[in-house]
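Taking it in order: structure first as structure tokens, then the write-up.
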Amino acid sequence: ARHSLEASQNTPQSEENTVTAQSAPTIPDTMKAVIMRAPGDIVVEEVPVPHVAAPGDAVIKLAAACICGSDLWPFRGLQPVENQRMGHEYVGTVVEVGEEVSTLKVGDFVIGSFMVSDSTCEICQAGFPSHCANAGSYTGSQAEYMRIEQADGTLVVVPGGAPQDPERLADYLAASDV
């Protein structure tokens, strides 16, 4: 089961699973996403919007994303790449959560880690989440929406919600790389 902005607007929820999303937009069926077809071949394509696929997933509507230096390796042909969605440094607003997500709710503004981690394995507990023994995946942040596995360990809620100041947004985006 998933809880989403769309569901919270159109579907009665049980008291236990109530999701508040006042004046939230409906999630579209498709979105634009950056795809690296091959080294040096990057396109913007219309693709399906991702949705929660596992109980620990979250989907966010991206507010900003970076291009990482590690994206340049496949672009230059130094790592294999074929039809890969781009991006892994990002900030945005949660629009869907899986039933096991406990630290996030729809409407939270979050900073996403450049690595997917569960925050529960022995390596994460030792302070090295970028080397998580159970690292998951994501659908790429150079897009309008993104699905993130292991959302509880990967996304950090920003107190006070989305910033109105573009410079503050840039500051939060920089934090996605640490």
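The values are calculated or read from the model by the stated rules, or taken from the named source; none is laboratory data. As the structure is a computational prediction, the values presented were derived from the model and not from experiment. No Cβ is skipped: glycine too gets one built from the backbone with ideal geometry, and neighbour counts run over all protein chains shown. The protein model used for the area step is the full one, side chains on, heavy atoms only, and it has no ligands, DNA or RNA in it. Shrake-Rupley method; radii C 1.70, N 1.55, O 1.52, S 1.80 Å.
One line per residue, one yes/no per condition, for (1) β-branched (V, I, T); (2) on the phi < 0 side of the Ramachandran plot:
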position: G77; (1), (2): no, no
position: H88; (1), (2): no, yes
position: E96; (1), (2): no, yes
position: I111; (1), (2): yes, yes
position: A133; (1), (2): no, yes
position: G140; (1), (2): no, no
position: I148; (1), (2): yes, yes
position: V156; (1), (2): yes, yes
position: R168; (1), (2): no, yes
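With the requirement that a residue be open to solvent by less than 40 Å² (accessible area, probe 1.4 Å), among the aliphatic types (A, V, I, L, M) and under 23 Å from G56 (Cβ atoms), what does segment 135-174 give you?
A143, M146, I148, A151, L155, V158
Name the single residue, out of those in segment 113-134 being touching a Gly at 6+ places or on another chain (Cβ under 8 Å) and outside any loop (DSSP other than H, G, I, E, B), that is farthest from A63 (Cα to Cα).
Checked segment 113-134; the qualifying residue farthest from A63 (Cα to Cα) is C124.
Would you check which residues across segment 40-98 are over 16 Å from S137 (Cα atoms), more than 13 Å from the chain's Cα centre (by Cα) and in a strand (DSSP E or B) and list them?
D41, I42, V43, V44, E45, E46, V47, P48
Under the condition of being surrounded by 15 or more Cβ atoms within 10 Å (Cβ to Cβ) and acidic (D, E), which residue from segment 105-134 is modelled with the lowest pLDDT?
Step by step, filter segment 105-134, then rank; the result is D118.
Given the conditions (1) hydroxyl-bearing (S, T, Y); (2) more than 15 Å from the chain's Cα centre (by Cα); (3) surrounded by 15 or more Cβ atoms within 10 Å (Cβ to Cβ), report the number of the one that S102 does not fulfil.
For S102, the exception is condition (3).
Filter segment 63-89 down to the residues that are in contact (Cβ under 8 Å) with a residue 40 or more places away in the chain and open to solvent by 30 Å² or more (accessible area, probe 1.4 Å) and list them by number. Give the derivation first.
Filtering segment 63-89 for residues in contact (Cβ under 8 Å) with a residue 40 or more places away in the chain gives 63-68, 81-89.
If the condition is that a residue be in contact (Cβ under 8 Å) with a residue 40 or more places away in the chain and open to solvent by 30 Å² or more (accessible area, probe 1.4 Å), then A63, A65, C66, I67, E82, N83, Q84, R85 are the ones that fit.
Determine the pairs where a residue that is charged (D, E, K, R), located within segment 138-150, has a partner that is assigned to a strand (DSSP E or B) and open to solvent by less than 20 Å² (accessible area, probe 1.4 Å) with Cβ atoms under 6 Å apart, the partner being 6 or more residues away or on another chain.
E144/M31; R147/V59
Residue under question is V156, and the condition is that it be without any contact (Cβ under 8 Å) to a residue 60 or more places away in the chain and assigned to a strand (DSSP E or B); does it hold? Quick ask: steps written out before the conclusion?
On the way: without any contact (Cβ under 8 Å) to a residue 60 or more places away in the chain: yes; assigned to a strand (DSSP E or B): yes.
For V156, the condition - without any contact (Cβ under 8 Å) to a residue 60 or more places away in the chain and assigned to a strand (DSSP E or B) - is met.
Does V110 meet the test of being touching a strand residue (DSSP E or B) at 6+ places or on another chain (Cβ under 8 Å) and assigned to a loop (DSSP other than H, G, I, E, B)? Walk me through how you get there before you give the answer.
Numbers: touching a strand residue (DSSP E or B) at 6+ places or on another chain (Cβ under 8 Å): yes; assigned to a loop (DSSP other than H, G, I, E, B): no.
When the stated conditions are applied, V110 does not pass them.
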